[in-house]
1. By how many nm would the segment from residue 74 to residue 96 grow when fully extended, if each residue of separation counts as 0.36 nm and the alpha-carbon distance is taken off?
2. Fewest to most neighbouring Cβ within 10 Å: what's the order for 117, 18, 35?
3. Return 111, 136 ranked ascending by Cβ neighbour count within 10 Å, so the fewest neighbours appear first.
4. For helix 143-153, what angle does its Cα long axis make with the longest principal axis of the chain, in degrees from 0 to 90 and rounded to 10?
5. Relative to the present Cα-Cα distance, how much length would full extension add between residue 10 and residue 122 at 0.36 nm per residue of separation?
6. So for the chain, what percent of the C-alpha to C-alpha distances run longer than 25 Å?
7. Compute the angle between helix 106-119 and the longest alpha-carbon principal axis of the chain, please, reported from 0 to 90 degrees and rounded to the nearest 10.
8. So what is the relative contact order for the stretch 4-81, in percent, with contacts set as C-alpha pairs under 8 Å and at least six apart?
């Protein structure tokens, strides 16, 4: 028998009361229950970074995190970075640097970059490369992505 519990998740500034099976990942709840589909399911093993979200300001892989473990935490998805039409500085920098490709991995890249800048507001290019090293992109050469994060750090 699969156990379900009611949890309260604070996502993008809004509290959601949900009944979820205890084995469900945060990625599943975000995409299936809350229809926040900007967070992508890539490898489903925590390797590609497409499912990256911010939890308490730090980038994590939502495919590896159980939803029930996220109560009391502040969760931000790519949908929650902007304030209406006003983009976050990281999102704006990705656009300005021409770093946006097909869109599948970019939400995870942007979230990982935001997590980096939350803990290190002025990273070097090497620190940016290291922080984004676990985000896989098939379309990008990563140069414009690194430029975008560097741009966001200096604005």
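1. Working: separation 22, 0.36 × 22 = 7.92 nm, distance 2.84 nm.
Taking 0.36 nm per residue and subtracting the Cα distance, the gain is 5.1 nm.
2. The most exposed by this proxy come first: 35, 18, 117.
3. Details: 111 28, 136 16.
Lowest count first: 136, 111.
4. So the inclination is approximately 80 degrees.
5. Net length gain for the segment: 37.5 nm.
6. Working: 3213 of 11935 pairs.
It works out to 27 percent of all Cα pairs.
7. Value to nearest ten degrees: 80.
8. 38 percent
Read-outs: derived from the displayed coordinates by stated rules, not from any lab. Nothing here was measured: the structure is a model prediction, and the numbers come from that model. Heads up, the Cβs are rebuilt from the backbone with ideal geometry, glycines too, and the neighbour counts pull from every protein chain shown.
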